[in-house]
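Chemist: I'd like to ask some things about the structure below.
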Amino acid sequence: MLLCLGAEPGEIRSTEALATEIGVPRNHVHKLVQALAALGLVRTVRGARGGVQLGRPAERISIGGVVRQLEAGQALVECFREDGGACRLMPGCRLRNALARARDAFLTTLDAVTLADCLGDAAVLNPAGAASVHRASRPR
């Protein structure tokens, strides 16, 4: 959804249009809009011509930050759950440390990527699955 909004940063898009473009139910888009708005990543506009637009420049949106914020509280694997999960291999499992390092490396890599880095001639899938290209002029 951020890629769609970033492709046309000044435009206000309805949740229905976004749902159609990314191929997910409108209710899911609505929930995501609420979460992203609470984080200041999107701005919502009420009224007949209302909708959603980016809440800050794409250059200031870290993909790693977005993933961290949206996935907060979600365990990558069972043993990462706060309650320890139901893993039968704990506490002697040696895989847990390797998975933690892999998660940290994944997020560190995404920290260096901004939404602006992902745009330009951003290919976004339409509901039919065909790629359409949005040419966005990004503010400098």
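Throughout, read-outs are computed from the coordinates displayed, never taken from laboratory work. Note that this is a predicted model, so its numbers are computed, not measured. All Cβ positions, even for glycine, are placed from backbone atoms using ideal geometry, and neighbour counts span all protein chains on display.
Chemist: How do the peptides 30-36, 52-58 rank, highest first, by the average count of neighbouring beta carbon atoms within 10 Å per residue?
Modeler: Ranked from most to least packed, the peptides come out as 52-58, 30-36.
Chemist: Can you compute the radius of gyration and Dmax for the stretch 63-113, using only the Cα atoms, both in Å?
Modeler: 12.3, 37
Chemist: Let's test the formula: R0 of 35 Å, r as the Cβ-Cβ distance of THR44 and ARG88. What FRET efficiency results, to the nearest 0.05?
Modeler: Between THR44 and ARG88 the formula returns 0.15.
Chemist: With a Cα-only, solvent-free Debye model of the stretch 1-127, what are the log10 I(q)/I(0) values at q = 0.15, 0.21 Å⁻¹?
Modeler: At q = 0.15, 0.21 Å⁻¹ the computed log10 ratios are -0.79, -1.19.
Chemist: Ok, one more. Counting only C-alpha contacts under 8 Å and six or more residues apart, can you give the relative contact order of the stretch 7-77 as a whole percent?
Modeler: 30 percent
Chemist: Right, another one. Please give the length that would be gained between VAL113 and ALA100 if that part of the chain were fully extended, namely 0.36 nm times their separation in residues minus their C-alpha to C-alpha distance (nm, one decimal).
Modeler: Length gained between VAL113 and ALA100: 2.6 nm.
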